[in-house]
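Peer 1: Let me give you the structure first, and then I'll get to my questions.
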Amino acid sequence: TGAPVEQMEFEEVDYWDELVEIMDWADGHVTSTFFICWGAQAAMYHFYGLKKKLLPQKLFGLYRHKVRNRREPLVRGFDDEFYAPHSRHTTVNVEDVAREPRLQILSVSDEAGLSIAKSRDNKKIFLTGHMEYDRDTLKTEFERDVAKGLPIDPPAHYFTDSSCTKVRVTWTSAANLFYTNWLNYYVYQVTPFKF
């Protein structure tokens, strides 16, 4: 959403009821739904009762992730490890997701925690990071927060120089593969077309 609601309880967000209505409608009418970052946390809370946890400081940067289940089409073609940007103040614990039998963890990060999960029926995909980010998204966010005087460290593993001007892009190949796999294997090939 881009709105500063991440640290609020879900029910305190002004549009929570409308979001729940949309998620419930999608659950019954859409082949597969994709939830990103706060949306992933909101959907895991709504559908599975998994609570988000406040992090001691903002998780902000480019992190290495490990693929856990290579047989899943969603990560088909991925290397054993891949990078993805994150920018968030809260998380859902990997252990909590692992205990939910209706969910499957596909990738995790030693530093960033849960990365990719899905429902076992393939109808809900959860991405806790931001594989959709452009080259300069983290840089722009960092500069914005510095200009506002907010306490912010440079994004981890992202800049290649100490002056925080040159960035390292290492996630776009995995991101393109990820979104292509989702559209192909979890939407296009399984959506019933009626003529």
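The values are calculated or read from the model by the stated rules, or taken from the named source; none is laboratory data. Just so we're clear, the structure is a prediction, and the values are computed from it rather than from any experiment. All Cβ positions, glycine included, derive from the backbone under ideal geometry; neighbour counts span all protein chains shown. Ligands, DNA and RNA are excluded from the accessible area calculation, which covers all protein heavy atoms including side chains. Shrake-Rupley method; radii C 1.70, N 1.55, O 1.52, S 1.80 Å.
Peer 1: What ³J(HN,Hα) values, in whole Hz, does the Karplus curve 6.51 cos²θ - 1.76 cosθ + 1.60 give for segment 94-103 when θ = phi - 60°, with x put for Gly and Pro?
Peer 2: Calculated HN-Hα couplings, in order: 4, 4, 5, 5, 4, 7, 8, x, 7, 10 Hz.
Peer 1: Here's another thing I want to ask about it. Under the rule of at least 5 residues apart or a separate chain, name every residue whose amide H is placed under 5 Å from the amide H of TYR63.
Peer 2: For TYR63, whose amide H was placed from the backbone, the distant partners under 5 Å are ALA84, HIS86.
Peer 1: Okay, next question. Mind checking the angle between helix 172-181 and the chain's longest principal axis? C-alpha axes, 0 to 90 degrees, to the nearest 10.
Peer 2: 10
Peer 1: Which order, highest average first, do 52-59, 101-108 follow once you tally other Cβ atoms within 10 Å for each residue and take the mean per peptide?
Peer 2: Averaged packing, sorted descending, gives the order 101-108, 52-59.
Peer 1: With every protein chain left in place, what is the accessible area per residue of segment 86-163 in square angstrom, probe 1.4 Å?
Peer 2: Accessible area per residue, segment 86-163: 47 Å².
Peer 1: Which residue, GLY149, GLY77, GLY28, tops the fluctuation ranking in a GNM of the chain built on C-alpha contacts under 10 Å?
Peer 2: GLY149
Peer 1: Show log10 I(q)/I(0) for the chain at q = 0.10, 0.13 Å⁻¹, two decimals, from a solvent-free Debye sum over equal Cα scatterers.
Peer 2: These q points yield log10 I(q)/I(0) values of -0.42, -0.72.
Peer 1: Another question, then. LYS66 to THR170: extension gain in nm, 0.36 nm per residue of separation minus the Cα-Cα distance?
Peer 2: Roughly 36.0 nm would be gained on extension.
Peer 1: Any chance you could run the full-extension gain for ALA147 through ARG135? It's 0.36 nm times the residue separation minus the Cα-Cα distance, nm to one decimal.
Peer 2: Result: 2.3 nm gained on full extension.
Peer 1: Amide H of LEU114 versus every other amide H placed in the peptide plane: which residues, excluding those fewer than 5 positions away on the same chain, fall under 5 Å?
Peer 2: Amide H to amide H, under 5 Å and 5 or more residues apart or across chains, LEU114 pairs with VAL94, SER109.
Peer 1: What's the center-to-center distance, using Cα atoms, between segment 129-183 and segment 90-107 in Å?
Peer 2: 25
Peer 1: Apply the Karplus parameterisation 6.51 cos²θ - 1.76 cosθ + 1.60, with θ equal to phi minus 60°, to every residue of segment 72-88 and state each ³J(HN,Hα) to the nearest whole Hz, in sequence, with x for glycine and proline.
Peer 2: Once θ is set to phi - 60°, the couplings for segment 72-88 become 6, x, 4, 10, 4, x, 5, 6, 4, 10, 8, 10, 8, x, 9, 7, 7 Hz.
Peer 1: Let me ask something else. Helix-only estimate, please: 222 nm mean residue ellipticity of the chain, summing -39500 (n - 2.57) across DSSP H runs of length 4 or more and dividing by its residues, to the nearest 500. Before the final figure, lay out each step's value.
Peer 2: Numbers: 5 runs with 52 residues, N = 195.
Taken over the chain, the calculation gives -8000 deg cm²/dmol.
Peer 1: Let me ask something else. On the protein heavy atoms, probe 1.4 angstrom, tell me the percent of accessible surface of the chain carried by carbon and sulfur.
Peer 2: Looking at the chain in its full context, I get 51 percent from C and S.
Peer 1: Would you mind checking the pairs LYS52/LYS148; LYS52/LYS139; LYS58/LYS148 and listing those with alpha carbons more than 24 angstrom apart?
Peer 2: LYS52/LYS148; LYS52/LYS139, as the Cα separations exceed 24 Å there.
Peer 1: Among THR172, THR140, THR33, which one moves the most in a GNM of the chain with springs linking Cα atoms closer than 10 Å?
Peer 2: THR140
Peer 1: Now, a different point. Which one of SER109, GLY49, HIS86 is farthest out on the positive end of the charge dipole of segment 1-132, using unit charges on Cβ (Lys, Arg +1; Asp, Glu -1) and the Cα centre as origin?
Peer 2: Selected residue: SER109.
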